[in-house]
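The values are calculated or read from the model by the stated rules, or taken from the named source; none is laboratory data. Since we're looking at a predicted model, the values are computed, not measured. Cβ atoms come from the backbone with ideal geometry, glycine included; neighbour counts cover every protein chain shown.
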Amino acid sequence: MRDGDEDRGRLWYGPQPDVAGDSGYPDAPPRMGFFTDTSVCIGCKACEVACKEWNAIPEDGLVWTGMSYDNTQGLGADTWRHVAFIEQRKPFGGQEPGVAHEDVDVFAAAARLGTDASSPGPGATAPPPGRAPEGAPAGQISPLSPDGRTELRWLMSSDVCKHCTHAACLDVCPTGALFRTEFGTVVVQEDICNGCGYCVPACPYGVIDQREDDGRVWKCTLCYDRLGVGMEPACAKSCPTDSIQFGPLDELRERAQARVAQLHAAGVPDARLYGESPEDGVGGDGAFFLLLDEPEVYGLPPDPVVTTRDLPAMWRHAALAAGSLLALALGSFARRPR
Amino acid sequence: MSESGVTGDGVRGVRPGRQAPTGAGGGRRRHRRGRGEQPMVPDAAFSSYYGKPVLKKPTWKPLDIAGYLYLGGLAGASSLLAAGGQVTGRPGLAAPAKLGAAGAISLSLAALVHDLGRPARFLNMLRVFKPTSPMSVGSWLLAGYAPLTLTAAATEVAGRYRLLGSAATVASAVLGPAVATYTAVLLSDTAVPSWHEGHRELPFVFAGSAATAASGLALAAAPPAQAGPARRLAVLGAALELGAFRVMKRRMGLTAEPFEQGRPHLLLRAAEALTAGGAALALCCGRDRRLALAAGAALLTGSAALRFGVFHAGVASAEDPKYTVVPQRERLERRGR
């Protein structure tokens, strides 16, 4: 059902360059978001911990899954950052870090510590300014390893609420508990949510969920409280590799494009952006990703569409159906009037 | 990684399911349950994150919400029979229809409030009016409709204020069809594959199901001499419900599969048999009091089974990543990436 998509303007579907302005903020700050570059994620889960601590999210059960390092399993009412671990039989590509150092005698190297310029003492682990470490091409990622010992790779990715341009959770919320902030993010007002649960199946990413003992729904706020005082969200702040980058969405999109080009040039053809395009089914995500495999491998939907795109068609069909019901009833009475 | 030894019996020491597959098509093949069913689409290979669902399944309690879908339909279509009976001078038909509508909508409201995570905040539903939220629209619809049906029923029971009662009956009949069909939009306006993909036909299925439920109640409660319209409505409603459901399943492709498996399958087969059987019974021998009662019971049960079947099929489609990933992947391929 594509009819009328264009006429419907930017209300429910399609690119929307000014989400905050469209929601009634006349002088909104730039739209803020996350760019999660999974190619540098090391799976440390600092973001999960920082998020739980800053937002005082309750413990939600430590379950041993036995499937990977991932016992968190997924986003939910009490998990607003989730690090996915994927173990694959696939060549590393340009990520081969060359971790095997069979030819290096560490004890001999330790004995030489501090005795010459190429082996500075403790406290001087960084290479001199302006010089890359030996063997590493400056400003580049290591190229493919020549011997191709690359039978296994790990993918790690920190998932989060996408803060969609067209957010289904916000659209379907009957109480107005979910709202758009001046930063273009989507936040639940917990003093208003009555726990109807409509946003839960509406989210095309399966992010928001109901907290069982509480009855209300909870999800990432993009640290609305921190943003209000000019601080970056807790997860981005704690990320040791800058896999989670926070900033104005326009700037993040530029940075992400450059990063993908860099990875492609370095021999990682799988690198692709996810949720970055304003042309996609949700009008682009406020939190988008650089992935190294198809989205569904990470548990993300490959082509999410905001359900409200079809809502006008749904109302039309429901009105027709209501008319049909009325016609059936009239027909039932009209035949043999008494 | 553990060492694995290859023996004559296969690979020893292999830990299954540990390695996530790579890329779009590398996933496991899912085998269909329900022997004897003709597959509508071939089994699809797909990737997922350790088989975990992409979507969160609805948190709604089946008895509350599927029950509400049923009772809302019963009430909405009963209001039509009540008004029709009143206007055409069939008090024996109008009275049970009015009481049925009021009873069903009261139970609905109780179920809806009970399902809330914070029932004490149910009035927050009327805090805003949002056309983008079918639940908001529905709340306002019920806020207008429920008092009308209660007024109609109360004046019927009291036998006084007949003019007010007539006005309320007619007004509730105006809102009734909307109450019966908007619930389809309520389900469809989600990311749940088996609910969303049927968004064109589901309102018609629910309209037909509402008609059969209301005519079932009227057949069971009204004197056969006055129940003629209910018998006809039963047949028309059954035809609409069964026909629309068939069209819907054909149009849905892979996402129709949850309707054909497990508990939803049983419920929907029962619904089909009860609705068709009840309508046939009403048509042929609805003038016999006892057979009319049986037909009414079959129609009422059939409509309930349909709503529960649709509800559970949607939940099943949200729990299996296949129904999220495969149709989206196919859509991307059609678009040429």
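Buried (at least 19 other Cβ atoms within 10 Å of the Cβ) and at pLDDT below 95: does that describe B:GLY286?
yes
It is to be established whether one or more residues within the range A:274-294 are assigned to a loop (DSSP other than H, G, I, E, B), surrounded by fewer than 22 Cβ atoms within 10 Å (Cβ to Cβ) and away from every other protein chain (no Cβ under 14 Å).
yes
Restricting to the range A:198-217, give me the number of residues that are surrounded by fewer than 21 Cβ atoms within 10 Å (Cβ to Cβ) and at positive phi.
Number satisfying all stated conditions: 1.
Would you say A:TYR224 is of a type in the set (Ser, Thr, Tyr) and either modelled with pLDDT under 95 or within 23 Å of B:ASP320 (Cα to Cα) (or both)?
When the stated conditions are applied, A:TYR224 does not pass them.
Identify, please: which residue in the range B:224-246 is more than 12 Å from chain A (Cβ to nearest Cβ) and modelled with pLDDT of 95 or more and is, among those, surrounded by the most Cβ atoms within 10 Å (Cβ to Cβ)?
Looking at the filtered set, the residue picked out is B:PHE245.
I'd like to check something: does the range A:30-39 contain any residue that is without any contact (Cβ under 8 Å) to a residue 60 or more places away in the chain, buried (at least 18 other Cβ atoms within 10 Å of the Cβ) and part of a helix (DSSP H, G or I)?
no
If you take the residues in the range B:183-198 that are buried (at least 24 other Cβ atoms within 10 Å of the Cβ), over 11 Å from the mean Cα position of the chain (by Cα) and not hydrophobic (A, V, I, L, M, F, W, C), which one is nearest to B:LYS249 (Cα to Cα)?
Only one residue fits best here, namely B:GLY198.
Conditions (1) at pLDDT below 95; (2) surrounded by fewer than 17 Cβ atoms within 10 Å (Cβ to Cβ), marked per residue:
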| site | (1), (2) |
| --- | --- |
| A:PRO26 | yes, yes |
| A:CYS44 | no, yes |
| A:LYS52 | no, no |
| A:ALA56 | no, yes |
| A:LEU62 | yes, yes |
| A:SER68 | yes, no |
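In this structure, is B:SER106 in contact (Cβ under 8 Å) with a residue 60 or more places away in the chain, more than 14 Å from every other protein chain (Cβ to nearest Cβ) and not aliphatic (A, V, I, L, M)?
No.
Which of the residues spanning the range A:190-210 are under 21 Å from the mean Cα position of the chain (by Cα) and farther than 27 Å from A:THR241 by Cβ?
Listed by number, the residues that qualify are A:CYS199, A:VAL200, A:PRO201, A:ALA202, A:CYS203, A:PRO204, A:ILE208, A:ASP209, A:GLN210.
So if I check each of A:ALA321, A:ALA256, which one is under 29 Å from B:PHE46 (Cβ atoms) and assigned to a helix (DSSP H, G or I)?
Only one candidate qualifies: A:ALA256.
Assuming A:CYS220 fulfils every condition listed in (1) buried (at least 24 other Cβ atoms within 10 Å of the Cβ); (2) under 24 Å from B:LYS52 (Cα atoms); (3) touching a Gly at 6+ places or on another chain (Cβ under 7 Å) apart from one, which condition is it?
(3)
If a residue must be outside any loop (DSSP other than H, G, I, E, B), over 18 Å from the mean Cα position of the chain (by Cα) and surrounded by 24 or more Cβ atoms within 10 Å (Cβ to Cβ), how many such residues does the range A:151-175 contain?
Within the range A:151-175, residues that are outside any loop (DSSP other than H, G, I, E, B), over 18 Å from the mean Cα position of the chain (by Cα) and surrounded by 24 or more Cβ atoms within 10 Å (Cβ to Cβ) number 2.
May I ask you to verify whether A:GLN262 is in contact with a Ser or Thr (Cβ under 8 Å, 6 or more places away or on another chain), surrounded by fewer than 23 Cβ atoms within 10 Å (Cβ to Cβ) and not in a loop (DSSP other than H, G, I, E, B)?
In short, no.
Read through the list (1) within 14 Å of chain B (Cβ to nearest Cβ); (2) surrounded by fewer than 20 Cβ atoms within 10 Å (Cβ to Cβ); (3) assigned to a helix (DSSP H, G or I), then give the number of the only condition that A:VAL305 fails.
Of everything listed in (1) within 14 Å of chain B (Cβ to nearest Cβ); (2) surrounded by fewer than 20 Cβ atoms within 10 Å (Cβ to Cβ); (3) assigned to a helix (DSSP H, G or I), A:VAL305 misses just condition (3).
Taking the condition acidic (Asp, Glu), more than 10 Å from chain B (Cβ to nearest Cβ), surrounded by fewer than 24 Cβ atoms within 10 Å (Cβ to Cβ) and in contact (Cβ under 8 Å) with a residue 40 or more places away in the chain, does A:GLU182 pass?
Judged against the criteria, A:GLU182 is a match.
If we scan the range B:286-295, do we find a residue that is over 19 Å from the mean Cα position of the chain (by Cα), closer than 18 Å to B:TYR70 by Cα and assigned to a helix (DSSP H, G or I)?
Taking every residue of the range B:286-295 in turn, at least one turns out to be over 19 Å from the mean Cα position of the chain (by Cα), closer than 18 Å to B:TYR70 by Cα and assigned to a helix (DSSP H, G or I).
Can you name the condition, by its number, that A:CYS235 falls short on among (1) in a helix (DSSP H, G or I); (2) surrounded by fewer than 19 Cβ atoms within 10 Å (Cβ to Cβ); (3) not aliphatic (A, V, I, L, M)?
All conditions pass for A:CYS235, except number (2).
Select from the range B:121-146 the residues that are more than 7 Å from every other protein chain (Cβ to nearest Cβ) and of a type in the set (Phe, Trp, Tyr) and write down the one among them that is nearest to B:GLY73 (Cα to Cα).
The selected residue is B:TYR145.
Name the pairs: first residue in the range B:131-147 and closer than 13 Å to B:LEU186 by Cα, second residue of a type in the set (D, E, K, R) and not in a loop (DSSP other than H, G, I, E, B), Cβ to Cβ under 8 Å, at least 6 apart or on different chains?
Close Cβ pairs satisfying both conditions: B:THR132/A:ASP171; B:SER133/A:ASP171.
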